[in-house]
Amino acid sequence: MSSTLVKTGFKNIPLILIILIFNNFLAHLGAQNLAGNKIVNDTIARQDTIVLPKEQLEAVVKTKADRIRNDIPKKMTYLNKNAQVNYQDLSISADYISIDWNKSLVFARGEIDSLGKITKPAIAVQGGKTYEYDEFTYNIKTRQAIAFNARTEESEGVIVAEKTKKYNDSVFFMRRGKYTTDEYFIKKKDTIADYYLLAPNIKLIKGQNKSQVITGPIQLYIEQVPTPLIMPFAILPFSDKRSAGILIPSFGEREDVGFYLNSLGYYQPIGEHFDVKILADIYTKGSWNLRPEVNYKKNYKYTGNFSADIGTTVRGIKGLSDYSKTGTYRIAWRHQQDSKANPFLTFSASVDVVSSKFYNNTVNNNYAFNQNNLNAQQNSSISIVKRFLTLPVTITGTSSYSQNFSTGLADLKLPVLNVAINQFYLFKPKNGIRQGLLENITVNTGLNLNNYVQTDEGELFTKAMWDKMQTGLKNNISLGTNTTLAKYFTFSVSANIDNALTTKTLTRSYNPLSNKVVDVLNNKIAGYSSFSTSASLQTVLYGMLNFKKDAKIQAIRHMMTPQISFSYSPDFSAPSFGYYKNYYSDRGEMTPYSIFDRGIVGSPNSGLVQALNFSINNNLEMKIKSKKDSTGVKKLKIFESLTFNTSYNFAAPKYKWSIFSFNGQTTLFEKLNLNTSLTLEPYQIVFAPGEDTGIRTERFGHFSIQGFNAQLSYPLSEAIFGEREEPAKKYKKKGEIRNESYYFDEDNYARFLQPWSLNINAQYGYTRSLTRFGNNVASLGLDGSIRLTPYWNLTGNLYYDIITKEIANTQIGFSRDQRSFTINFNWIPYGQYKVYDFFIGIKANILRDALKYKDRSFTQPNAPF
């Protein structure tokens, strides 16, 4: 039954009906004494609509419930079971709702059980956002509200606050608010979040395109246990755009400098194409490090960054002998141009300038964990490449800077200009089909301008450095051709011409007072031209050895690629060329040297070369029976490559044979990788009594090992045990609530795939040269990982020096995937850097931006580029 009462004329209506209607109208007017339009819908008995003057409310209040009761004297309306109230863009659903029409207040409460505990929350929807409460009060006029145990979903997370005050549609204040991005808690699969950020006071500001949470002190809780990760404030921007935020540090201890916070800092985007990070490393013994970084990116154009490490490392106790204080710095620039930006002009930069003792003293532990502290050299370069649409020319300009930490010297090339002409055929046929030696002649040529100096840090860009700088200009012309002879032989001919100019020449002499050879570089322009040519003949030979059909080994195949070549080069040390001079050594012997030695354009060959070169490459494979292979036969590689090289120089006055060298590479058992090299001295070496350095004689045939190297690696994994059946195919019982990746057998034991890998590396090296006793180097290394569970991963490496019997370069780490966040721990137990590092990082994009990982920047998934 429904009725509608409105103000209208009373003409021709019986008096009794007029009185009843008037009384009914007054009753409703007394209960709902608010100007505006109010609609009350009783789903059981009636639906009422009352149209009143619009002096107070701006819209209609609609109500609905299983049971509705109006208390006219108190001006109250009570809604029970499936209660609903709609006003403008606000919709309220609850188990119980009361409306105080006199005060314009709506009170809503969720469903409670016999113990008074909320089992189903009240829900409010406004502006497309859903809010859940235990109970709340809303003022229809002012649109302000107070809620208890409010649950508000924002972006990827949810905020649960003990008390929330809504001042208007844009500003909310919360007391003891918890924020988490745990998807199990958000989707209500679990009643307890695996982590949350707790703040005593929170301010939520809603905007048209983004929202923002501002808090006072905020603390991280894991499994409801408080952690020491406390920040004085936090700003959580709920937006798809990059935004400012605090960078969460890792913490740990390093033996030489104490406890620390590593990579504590702040991130600030600047416009659409720039951002800034400022990181700090702080140690309890006084060491510190500051790391500013500027990143930039323009889509389809370029990307890059500037960064620096500036700090002080303090070791020991001040006043004692072991105390030291060292300043360190590192300046880096990376720039990479997008290949689509300009295919004819490319610019790139990789600049890394560090103090000579940086890697041994920096307190930035990332270098230790990445093993950068083992660097013996640091290289930097800037290059620009110009290509042309119609010209077969490529121009490359580079500048480079190389630091050698063991010598303290630096090599600077500023700049190097190379002009290369693309390869072309000298006698290219009109029909495009090349035949014979003449039509296959190719020409490669180019011009190289080089400016080079070797100096130390103190001389950089000073007059002393410019005085030592060398300038060299070099042109190279290479001609080559090849053809096929008698179907099975490849015949090749090549010639090489070098022309060079330099601004420095060498004068060498022996100083008897200091008993040293003295080199003096003169400021003198000089040049040379050199020439060499070679011809080679190559073929491929095959050999097959077959066995009986029922034998395990079916066949062995040997492929051999022999090559013989002859090379010729004039003797440019002849006095007529003027490229070589002589000086008297400490033994009074006339010793030749090139005036271009220690220069940047190289030196022409000394001595006539009429050499016959030999090389043979071998490949050895074996076929065996295999039931696993569909053909019934499986190939095994005995040697993928086994190479032999030597040469014989007919024009050499002595030592006509060169060193005999062997190189081999193979993979045994499809896993064992083996690389070997061996060098043999063909002439006898004799030692005088008591001398450890020998003399090379001309007695050929007395072979001795001068060098041997073997590198072996064997990767292992769970795959060696064959394919493992997926647990999902074998077991039916599946885990619930955070255990979905587990399957359980009949005895309730968890079953899951457990991938692992273990790489075994071994190396042995022996070098002798002319010494009586050679040097040995031997090491054994292990590195691998194992996934203990679908969420636990353990990694580590171990290197053992067999000669010194010491452990070096050892690192152990584990990571825990907690679904919504990760925990990482790394530990170096041996060596100079005995350090452990602990880090917790939130996975959600919103907190990667606001409470950032250490490596956040334009690489973050939600960057607007």
### Query
Got the relative contact order for region 750-790 handy, in percent, Cα pairs under 8 Å and 6 or more residues apart?
52
### Query
By how many nm would the segment from residue 285 to residue 223 grow when fully extended, if each residue of separation counts as 0.36 nm and the alpha-carbon distance is taken off?
19.0 nm
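By how many nm would the segment from residue 201 to residue 541 lengthen if fully extended, with 0.36 nm per residue of separation less the alpha-carbon distance?
Details: separation 340, 0.36 × 340 = 122.40 nm, distance 8.30 nm.
Full-extension gain reported as 114.1 nm.
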#### Entry: Dimensionless Rg over Rh [region 155-239; C-alpha; Kirkwood]
0.96
### Query
Taking the inverse of the average 1/r across all pairs of different Cα atoms in region 659-832, what Kirkwood radius in Å do you get?
20.9
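Please give the charge dipole size of the chain, origin at the Cα centre, charges +1 on K and R Cβ atoms and -1 on D and E Cβ atoms. Round to the nearest 20 debye.
Magnitude of the dipole: close to 1820 debye.
Quick one: putting +1 on the C-beta of Lys and Arg, -1 on the C-beta of Asp and Glu, what dipole do you get for region 158-222 around its Cα centre, in Debye to the nearest 20?
Values: 12 positive and 6 negative charges, 64 e Å.
Here region 158-222 has a charge dipole of around 300 debye.
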#### Entry: Mean residue ellipticity (222 nm) of the chain, computed from DSSP H runs ≥ 4 via -39,500 (n - 2.57), nearest 500
-1500 deg cm²/dmol
### Query
Tell me, what is the FRET efficiency for residue 819 and residue 716 to the nearest 0.05, using R0 = 35 angstrom and their Cβ-Cβ distance as r?
0.70
### Query
Taking 0.36 nm per intervening residue step and subtracting the Cα-Cα distance, what contour gain separates residue 801 from residue 67 on full extension?
255.9 nm
### Query
How big is the charge dipole of region 659-832 about its Cα centre, in debye rounded to the nearest 20, if each Lys and Arg gets +1 on its Cβ and each Asp and Glu gets -1 on its Cβ?
260
### Message
As I understand it, the dipole of the chain uses +1 on the Cβ of Lys and Arg and -1 on the Cβ of Asp and Glu, about the Cα centre. Which of 72, 572, 842 lies farthest toward its positive end?
### Response
72
### Query
Given the chain, what percent of its DSSP beta bridges are antiparallel, to the nearest 5?
95
### Query
In whole Hz, what ³J(HN,Hα) sequence does region 503-520 give by Karplus (6.51, -1.76, 1.60; θ = phi - 60°), x for Gly and Pro?
9, 10, 10, 10, 10, 10, 8, 9, 9, x, 6, 8, 6, 9, 7, 10, 10, 10
### Message
What value in Å³ per residue do you get for the convex hull of the alpha-carbon atoms in the chain?
### Response
350
### Query
Could you state the per residue volume, in Å³, of the convex hull enclosing the Cα atoms of region 357-508?
238
### Summary
Placing +1 on each Lys and Arg Cβ and -1 on each Asp and Glu Cβ in the chain, then taking the dipole about the Cα centre, the residue among 417, 205, 359 whose Cα reaches farthest towards the positive end is 205
### Query
Given Cα pairs under 8 Å that are at least 6 residues apart, what percent is the relative contact order of region 659-832?
14
### Calculated FRET efficiency for the pair residue 113/residue 60, C-beta based, R₀ 22 Å, to 0.05
0.05
### Query
Which whole-number percentage describes the relative contact order of the chain, with Cα contacts under 8 Å and a sequence gap of 6 or more?
6
#### Entry: Backbone N under 13 Å from the residue 301 label point (7 Å along Cα→Cβ), restricted to region 339-377
341-342
### Query
Among 827, 777, 233, whose Cα lies farthest out toward the positive end of the dipole of the chain, if unit charges sit on the beta carbon of Lys, Arg (+1) and Asp, Glu (-1)?
233
#### Entry: Rounded to whole Hz, the Karplus (6.51, -1.76, 1.60) HN-Hα couplings of region 640-655, x for glycine and proline
6, 8, 9, 10, 10, 9, 6, 8, 9, 9, 5, 8, 5, x, 7, 6
### Task
At most 14 other Cβ atoms within 10 Å and a DSSP loop assignment: could you name the trypsin sites (Lys or Arg not before Pro) in region 491-543 that fit?
none
### Query
Using θ = phi - 60° and the Karplus form 6.51 cos²θ - 1.76 cosθ + 1.60, what ³J(HN,Hα) does each residue of region 448-460 get, whole Hz, x for Gly and Pro?
10, 10, 10, 10, 9, 8, 10, 8, 10, 4, x, 9, 4
## Note on the structure
Taking Cα atoms only, helix 15-31 is inclined relative to the longest principal axis of the chain by an angle, in degrees rounded to 10, of 40
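Every number in this text was worked out from the coordinates using simple rules, so none of it is lab data. Keep in mind it's a predicted model, so treat the numbers as computed, not measured. Here Cβ is always computed from backbone atoms with ideal geometry, including for glycine, and neighbour counts include all displayed protein chains.
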